[in-house]
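For reference, the structure discussed in these notes is given below.
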Amino acid sequence: MKIFSPEELAANSSSKYMGCVIAAKLARKLHDQYRDTTQYLDKKCTSESLERLCSGELNYEIVDKKMTKKKPKSFFQEKS
């Protein structure tokens with residue numbers, strides 16, 4: 001298991017705290033996605049999300065809830 005430093009989290013997000021929040025939200029999404037299927041990840045959801053965030057393959061958008069009238073569909077954008 002790889003250990004991720006706070007500096008690695010901060011490199012691809014605005015701060016190390018935001019990196020933790022983003023990784024946790026992705027881990028929850030992955031867990032919910034694979035819970036009801038027969039597909040499984042090779043790693044734990046948390047490790048997978050931290051790896052995606054630190055490698056830079058994760059796109060995300062921070063939406064201010066005060067500015068929007070309806071809830072955004074997804075916190076994450078699919079990378080094309």
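The values are calculated or read from the model by the stated rules, or taken from the named source; none is laboratory data. Everything quoted here is computed from the prediction, not taken from an experiment. Note: ideal-geometry Cβ built from the backbone for every residue, glycine included; neighbour counts use all protein chains shown.
Brief remarks on what is shown
- If you go through the stretch 11-24 and keep only what is under 11 Å from the mean Cα position of the chain (by Cα) and small (G, A, S), you end up with S13, G19, A23, A24.
- Screening E8 on (1) surrounded by fewer than 16 Cβ atoms within 10 Å (Cβ to Cβ); (2) of a type outside the set (A, V, I, L, M); (3) over 12 Å from the mean Cα position of the chain (by Cα) shows it passes everything except condition (1).
- Meets criteria (more than 20 Å from E8 (Cα to Cα), surrounded by fewer than 15 Cβ atoms within 10 Å (Cβ to Cβ) and touching a Leu at 6+ places or on another chain (Cβ under 7 Å)) for Y34: yes
- For first residues located in the stretch 44-66 and part of a helix (DSSP H, G or I) and surrounded by 10 or more Cβ atoms within 10 Å (Cβ to Cβ), partners that are modelled with pLDDT under 80 and aliphatic (A, V, I, L, M) and lie 6+ apart or on another chain with Cβ distances below 7 Å form the pairs S47/M1; E48/L41.
- Residue within the stretch 10-17 that is among the aromatic types (F, W, Y) and modelled with pLDDT under 90 present: no
- Subset of the stretch 34-51 (residues that are closer than 27 Å to P6 by Cα and of a type outside the set (V, I, T)): L41, D42, K43, K44, C45, S47, E48, S49, L50, E51
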